[in-house]
Amino acid sequence: MNIVCLYGSPRVKGNSATIAKKFCETAIEKGATVESWVLNKLSFRGCQACYACKEKSDKCVLEDDLTPVLEAVRKCDMLVLASPVYYGDVSSQLKAFIDRNFSFLVPDYATAQKRHRLEGDKTLVMILTQGSPDQDAFKDIFPKYAMFYQWMGFEKSELIRVCGVMEPRHLNKRPEVFKEAEALAEKLVG
Ligand SMILES: Cc1cc2nc3c(=O)[nH]c(=O)nc-3n(C[C@H](O)[C@H](O)[C@H](O)COP(=O)(O)O)c2cc1C
């Protein structure tokens, strides 16, 4: 199994990254290969709405650090998106990547039976961490993106969500989170 893991936080040792790392380590132990990128370290733009991917190309025509990432996502079996919650949504780094996924949709995606141009059965795993301990706060984030990723051929989607973790040290008090990450990787890869 071929996994692409994208770290959406600028904190490379932050909450979402630590959980994603645990997920990926377990996935590798179970035989998966993982390619990962820290989005904050890449230089790229969000979607320019040029519609070239609908009118003259089946790929995004922008050439920047996201080009190989998009290519890897095309070929992957599983996409892991790890992000802090910023202002009730994913980080801007991750949102800019998601907007560039527009190139995965066919020109008539709004009406087509098969909306995407990707091959194979793909799975989305989202890892979201937030400072607020309120489980009801920002619970709309995952279903919203799971729907769009289903349009793009990710029929299965899973969530690891941790509320009430502002600082990375707060995860130390939540050993169950690492067990959850391990168990999910074992379930999906093992
Ligand atoms: C710019 C910014 C915006 C934030 N917005 C929210 C928010 O809307 N809701 C929330 O619960 N926490 C918010 N937080 C807290 C982070 O979601 C929380 O610290 C998270 O666990 C950080 O994950 P990371 O360590 O992976 O970066 C915000 C933090 C920053 C820096």
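The residues on offer are Gln130, Gln135, and the sole one that is within 16 Å of the ligand (Cβ to nearest atom) and touching a residue at least 40 places away in the same chain (Cβ under 8 Å) is Gln130.
Results for (1) under 18 Å from Gly190 (Cα atoms); (2) touching a residue at least 40 places away in the same chain (Cβ under 8 Å); (3) surrounded by fewer than 16 Cβ atoms within 10 Å (Cβ to Cβ); (4) in contact with a Gly (Cβ under 6 Å, 6 or more places away or on another chain), shown as yes or no for each residue.
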{"residue": "Met1", "(1), (2), (3), (4)": "yes, yes, yes, no"}
{"residue": "Cys5", "(1), (2), (3), (4)": "yes, yes, no, no"}
{"residue": "Val12", "(1), (2), (3), (4)": "no, no, yes, no"}
{"residue": "Thr26", "(1), (2), (3), (4)": "yes, yes, no, no"}
{"residue": "Thr33", "(1), (2), (3), (4)": "yes, no, yes, no"}
{"residue": "Trp37", "(1), (2), (3), (4)": "no, no, no, no"}
{"residue": "Leu42", "(1), (2), (3), (4)": "no, no, no, no"}
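Kindly evaluate Lys179 against the criterion of being within 27 Å of Ser43 (Cα to Cα) and basic (Lys, Arg). Criteria not met by Lys179.
Among the residues of the stretch 56-66, those that are surrounded by fewer than 21 Cβ atoms within 10 Å (Cβ to Cβ) and under 28 Å from Thr129 (Cβ atoms) comprise Asp64, Asp65.
Please state which one of Val80, Val90, Val69, Val125 is of a type in the set (Val, Ile, Thr), more than 16 Å from the ligand (Cβ to nearest atom) and crowded, with 17+ Cβ neighbours inside 10 Å. Exactly one of Val80, Val90, Val69, Val125 is of a type in the set (Val, Ile, Thr), more than 16 Å from the ligand (Cβ to nearest atom) and crowded, with 17+ Cβ neighbours inside 10 Å, namely Val69. Where helices (runs of 4 or more DSSP H) fall wholly inside the stretch 89-190, the ranges with 2 or more residues that are charged (D, E, K, R) are 92-100, 175-189.
Summed over the stretch 140-190, residues that are of a type outside the set (Asp, Glu) and within 23 Å of Glu119 (Cβ to Cβ) total 14.
One line per residue, one yes/no per condition, for (1) within 16 Å of the ligand (Cβ to nearest atom); (2) touching a Cys at 6+ places or on another chain (Cβ under 9 Å); (3) in a loop (DSSP other than H, G, I, E, B):
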position	(1), (2), (3)
Ile3	no, yes, no
Leu6	yes, no, no
Pro10	yes, no, yes
Ala27	no, yes, no
Cys47	no, yes, yes
Cys60	no, yes, yes
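Any read-out appearing in this document is the output of simple, stated calculations on the displayed coordinates, not a laboratory observation. Since we're looking at a predicted model, the values are computed, not measured. Using ideal geometry, Cβ is built from the backbone for each residue, glycine included, and neighbour counts are taken over all protein chains shown.
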